[in-house]
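Written out below as structure tokens is the structure these notes cover.
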Amino acid sequence: MRKLLIGMPVILVAIMVWAYFFLPATMLSYTTQAEREAAGLEVKSITVGSHDIRYLEGGEGEILLLIHGFGANKDAWVDFSKHLIKSYHIIALDLPGWAKSQYHETENYGVTAQVKRLKEIVTALGVEKYHVVGSSMGGWISGVLAHADADRVLSLGLVDNAGITPPNKNEFFTALEQGNNMLDVKSAEDIDRVLSLVFYNPPEIPKFIKPYLAKKSIERQPMNSKIMQDLMADPVPLEPLLPDLNMPTFIIWGKNDRLIDVSAVDVMEPLLKNSTIVILENTGHVPMREKPEIMADHYRAFLKSAAMERAASDKVALESAKLATAAE
């Protein structure tokens, strides 16, 4: 009994340490799974080339391919997807090299390489036509993908996307050009700073979870740095590509974005042939997280309008074909 009593403090400390580091992981895992199920999304996997790819899938209808931003993952789209899943088939990927998808230190994760992989993934999934939507880095990649896979892309959605040089360069953009990524997390205290950069109204995160999030971010840091180097070494600009796009394009931006200034929209609008632009007040860099229902309403209206345009175009093409046949 005496040995047991002497050992109790050690046991208690061990339990506290375990709870401090592992209970947050369990809680986050349960919460994430519950949110996926509520949205009607299921985790699936596919191997394409040298990468095992994880993705969320659910719903029926035209396919929406959702591409996350730097440091994010497929779950960035869950809240947004639940407002669209009754009418559309959702596929939200962990990009190769990110989150639960496989990362290889020797691989390149620049824009050109990721676009090539995405085309292969879409083919492997048996997708013939699809709408693509990307956020931030994912928007940059999606814009290049829409140009490279134009025959299959029905519409393009850009959410506070990178790949454009905004006329107004904010503190983050300037620091990034100098090689300093303000999204780097080195301690639990950095979590709040990063959230304030990304969100206009940052979500409340329990204090005991922040050390766990910081720990995971620090573990991920070497991979993030490598991918950032790959992106900077392959700076495919969207400006020359946008005029070539014939598909309808949906642009949505948080007016209060502190990462990529809303002035980037002024660059893109005159370059696009068919665009719908929405600027959300009191919104930061990730409107699909901050105002998912409002963004989904705007995007749904855009998709319905695009479908009507496509139907009208198909009707004209059919009538032209009939006239050509009759003339023969």
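Values in this text are rule-based calculations from the coordinates and carry no lab data. Bear in mind that the values here come from a model prediction, so they are computed numbers and not experimental data. Here the Cβ is made from the backbone with ideal geometry for all residues, glycine too, and neighbour counts use every protein chain on show.
Observations, loosely collected:
- Between helix 111-124 and the chain there is an angle of about 80 degrees, using the helix long axis and the longest principal axis of the Cα atoms.
- Measuring against 20 Å, Cα to Cα, the residue pairs K44/K100; K186/K216; K100/K215; K169/K215 contain K169/K215 as the ones spanning a longer distance.
- Relative contact order, whole percent, for the chain stands at 16, derived from Cα pairs under 8 Å and 6 or more residues apart.
- Candidate aspartates and glutamates for bridging to K210, where Cα separation is under 18 Å - those fewer than 8 sequence places away on the same chain excluded: D184, E189, D190, D192, E219
- Neighbourhood charge, 12 Å Cβ-Cβ cut-off, centred on V122 and excluding it, Lys, Arg +1 and Asp, Glu -1: +1
- Lys/Arg +1, Asp/Glu -1 at C-beta; the chain dipole; positive extreme among I252, V262, Y103: Y103
- Most fluctuating residue given options T123, T106, T276, as computed from a GNM of the chain linking Cα atoms under 10 Å: T106
- For the chain, the dipole from Cβ point charges (+1 on Lys and Arg, -1 on Asp and Glu) about the Cα centre works out to 1100 debye, to the nearest 20.
- Backbone HN-Hα couplings from phi across segment 160-173 [Karplus 6.51/-1.76/1.60, Hz, Gly and Pro as x]: 6, 7, 7, x, 10, 8, x, x, 9, 8, 8, 4, 5, 4
- Ellipticity estimate at 222 nm from DSSP helix runs (n ≥ 4, -39,500 (n - 2.57)) divided over the chain, nearest 500: -15500 deg cm²/dmol
- Remark: spin-label model distance N201-A124 equals 4.0 nm, labels positioned 7 Å along the Cα→Cβ axis.
- By the rule of a C-alpha distance below 21 Å, with chain neighbours fewer than 8 residues away ignored, the lysines paired with K291 are K74, K82, K86, K255, K304.
- Projection of the Cα convex hull of the chain, averaged over all directions and equal to a quarter of that hull's surface, yields 20.7 nm².
- N161 long-range amide H proximity, modeled H, under 5 Å: S136
- Given charges at Cβ of Lys, Arg, Asp, Glu: segment 199-298 dipole, positive-most of M288, T276, P243: M288
- Built amide H within the under 5 Å cut-off of S275, gap 5+: T249
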